[in-house]
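The values are calculated or read from the model by the stated rules, or taken from the named source; none is laboratory data. If you're wondering where the values come from, they're calculated on a predicted model, not measured in any experiment. When we count neighbours, we look across all protein chains shown, and the Cβ atoms used for this are built from the backbone with ideal geometry, even at glycine.
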Amino acid sequence: MFKHLKYGVVAAGVCLGLAQAQTVSVSPASLAKPAEVKQPASISLALNAKQQASLGVQVASVQASGQGQVLASATVVTPPGKEVTVSAPYAGQISRLMVGVGDTVKAGGSLASFTSPMLGDARRLLTEASLDYKTASAAAQRDQAMFDEGIIPAVRLQLSRAKQEAAKSLLQSREAELAAAGMRFDGEGAGYATGVLKSPLSGTVLEAFASVGQRVEAGAVLFKLADASQLQLDVQLSTDKAAQLQVGDEVSIPSRDAKAKIIGVSRAVDASQSAHARALVHTKGTLQVGELLSVTVHSKVNPSKAKADNQWLVPSRAVTQWRGRPWIFVADAQGFVAQPIRVLSGSDDVSLIDAPLPAGAKVAVSGVAALRALLQKDE
């Protein structure tokens with residue numbers, strides 16, 4: 001019995017020693033250093049010209065890029081206060097149109113003839129208010145003369161002046177009502193119940209929502225005008241891109257031969273989780289109000305550690321996702337090389353990437369899905 005117990009104690013000691021030996025062999029330093037994740041290597045795809053044509057593969061050259069470029073999308077807009085909407089002042093009818101979409105008008109120029117019974121009634125009330133003011137003014141002058149001669153007391157003169165002030169206030173109110181309507185009552189097409197809608201600024205007619213004979217309610221939008229002599233860019237940004245921009249950064253739009261300068265950056269995001277920046281256009285080029293395009297912001301702040309020699313501009317459609325990271329297909333003599341990259345910035349049209357590419361390299365911009373399918377087939 002004691003013999004078996006002795007052997008059992010010895011066996012337990014051996015097991016304990018082995019456990020202690022295994023525990024000591026794992027050092028804290030080895031736990032602190034996780035295994036390094038190797039970057040995926042490029043993969044070659046051998047394709048001849050006939051195979052490339054059958055897959056619909058086309059290539060485009062990459063462009064070298066310097067540090068500090070941020071790609072984004074922007075909408076061409078007018079500065080605040082340079083785009084206005086003309087609406088119907090009363091319920092009525094469009095009796096004549098003087099302008100159409102694309103026409104240029106001056107401030108105070110004619111837009112359309114507008115007829116409304118309420119307009120005629122407003123003019124009648126204005127005439128009555130004008131007559132009441134004239135009557136009250138004459139009565140006040142008469143009472144003033146009688147007061148100077150000592151015929152009437154001061155109280156009567158005060159009452160006459162109060163009536164004059166009340167009539168004047170009513171007249172000003174009627175005049176302000178018609179002035180707010182934005183109409184004039186002279187020239188061709190004007191009548192007692194018909195006025196001519198005036199343009200509030202010099203600019204271009206962007207939209208016309210009414211037609212001749214159409215009956216509209218009060219407040220219905222009839223025209224939209226904009227002064228396009230000065231343009232701005234509304235730049236849509238991610239929060240990371242917005243952190244790289246500051247006032248004074250230059251913006252270039254090569255596709256429109258236009259340039260702008262950042263005048264404001266908002267770090268707040270909208271419902272689509274996009275931040276915004278405003279840029280004032282100083283070289284207009286061929287920009288048009290309302291168009292959406294890709295822009296390049298030359299930021300003075302560049303948090304990227306990528307070398308400028310490895311930064312390239314490529315069409316966004318050349319970038320594809322595979323194995324959880326972006327890739328491009330670089331053309332070579334045998335076909336294509338699938339190259340893993342890092343996307344630094346991008347827009348709908350162009351992407352700024354970090355990749356070791358040779359100068360003058362060409363990448364696939366169509367048939368990319370077919371090339372990616374060949375990679376997945378080899379897995």
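Assorted remarks:
- Count of the range 317-336 residues, restricted to those that are surrounded by fewer than 16 Cβ atoms within 10 Å (Cβ to Cβ) and either in contact with a Ser or Thr (Cβ under 6 Å, 6 or more places away or on another chain) or farther than 25 Å from residue 54 by Cα (or both), is 3.
- Scanning the range 219-247 for residues that are among the hydroxyl-bearing types (Ser, Thr, Tyr) and either touching a Ser or Thr at 6+ places or on another chain (Cβ under 7 Å) or surrounded by 15 or more Cβ atoms within 10 Å (Cβ to Cβ) (or both) turns up just one, 238.
- The residue that is surrounded by the most Cβ atoms within 10 Å (Cβ to Cβ), counting only those in the range 157-205 that are within 34 Å of the chain's Cα centre (by Cα) and among the β-branched types (Val, Ile, Thr), is 205.
- In the range 337-359, residue nearest to the chain's Cα centre (by Cα) [restricted to those that are of a type in the set (Gly, Ala, Ser) and modelled with pLDDT of 85 or more]: 355
- Counted residues, the range 337-362 - those being assigned to a strand (DSSP E or B), within 22 Å of residue 55 (Cβ to Cβ) and among the hydrophobic types (A, V, I, L, M, F, W, C): 2
- Applying a threshold of 8 Å to beta carbon distances and a minimum spacing of six or more residues, or different chains, the list of pairs starting in the range 59-74 at a residue that is farther than 13 Å from residue 351 by Cα and ending at one that is among the β-branched types (Val, Ile, Thr) and at pLDDT below 80 reads 68/301.
- Any hit, the range 316-336, residues being closer than 30 Å to residue 248 by Cβ, assigned by TED's automatic domain parsing to the domain that holds residue 57, among the hydrophobic types (A, V, I, L, M, F, W, C) and modelled with pLDDT under 90: no
- Enumeration of residues in the range 251-265 that are surrounded by fewer than 16 Cβ atoms within 10 Å (Cβ to Cβ) and within 21 Å of residue 63 (Cβ to Cβ): 254, 255, 257
- Just one residue in the set 129, 154 is in the same structural domain as residue 192 (by TED's automatic domain parsing), under 55 Å from the mean Cα position of the chain (by Cα) and not charged (D, E, K, R); that residue is 129.
- Residue 76 surrounded by 10 or more Cβ atoms within 10 Å (Cβ to Cβ), outside any helix (DSSP H, G or I) and modelled with pLDDT of 90 or more: yes
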